[in-house]
Amino acid sequence: MIVNYSRLILLTKADNKTFYNSKEWRTVREIVLRQNNYRCTLCGFTSKKGMVVDHIKPRKKYPEFAFDIPNLRCLCNSCHSGLSSSLGRGGDHTHGVIKKPIGEDGFPLGEDWS
Ligand SMILES: [Zn+2]
């Protein structure tokens, strides 16, 4: 892809909505999904819908890795929300139970999940 580097720097500092709606993120996300064959890196669950591309090093702390493919992994929604909730009140890993509404692009809505 053609990368406008100064735009990437701006995007890494943008709010979640701007970042996750950007053409650059969508492109990188698609590459990561395909590289992983839409398979969750943690549990192996495979689906073309509802998969989450997760930043291993959080985007807020490491904005320089926001578009770095080795820093990205494919997670199912259960593992991703399990990770988020395990930081809080203990993860519940159950497939088929969607605890959070999912947007059209497969991301959970209304959550700070950088
Ligand atoms: Zn999973």
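A short reminder: the numbers here are calculations on the coordinates, not readings from a lab. Since the model is a prediction, treat every value here as computed from it, not as a measurement. Positions of Cβ are generated from backbone atoms using ideal geometry, with glycine treated the same way; all protein chains shown enter the neighbour counts.
Under a point-charge model restricted to the Cβ atoms of Lys and Arg (+1) and Asp and Glu (-1), what is the dipole moment magnitude of region 14-87 relative to its Cα centre, in debye to the nearest 20?
Charge dipole of region 14-87: 160 debye, to the nearest 20.
For each of Asp15, Asp54, count neighbouring Cβ atoms within 10 Å of the residue's Cβ, then give the residues from fewest to most. Numbers along the way, then the final one.
Details: Asp15 9, Asp54 22.
Listed from fewest to most nearby Cβ atoms, that is Asp15, Asp54.
Counting other C-beta atoms within 10 Å, which of Asp68, Asp105 has the fewest, and how do the rest follow? Show your work: numbers first, answer last.
Values: Asp68 13, Asp105 10.
So the residues, fewest neighbours to most, are Asp105, Asp68.
Would you calculate the separation in nanometres between label points at Gln35 and Ser47, each defined as 7 Å from the Cα along the Cα-to-beta-carbon direction?
2.3 nm
May I ask you to derive the relative contact order of region 14-87, considering only C-alpha pairs under 8 Å and at least 6 residues apart, and to give it as an integer percent?
Details: 77 pairs, mean separation 23.6, N = 74.
In percent, rounded to a whole number, it is 32.
Send over the per residue convex hull volume for region 42-81, Cα only, as a whole number of Å³. Please list the in-between numbers first.
Values: hull volume 3.0 nm³, N = 40.
Output value, Cα hull per residue: 75 Å³.
Among Leu75, Leu33, rank each residue by its count of other Cβ atoms within 10 Å, from fewest to most, as a rough exposure measure.
Numbers: Leu75 22, Leu33 18.
Result, fewest neighbours first: Leu33, Leu75.
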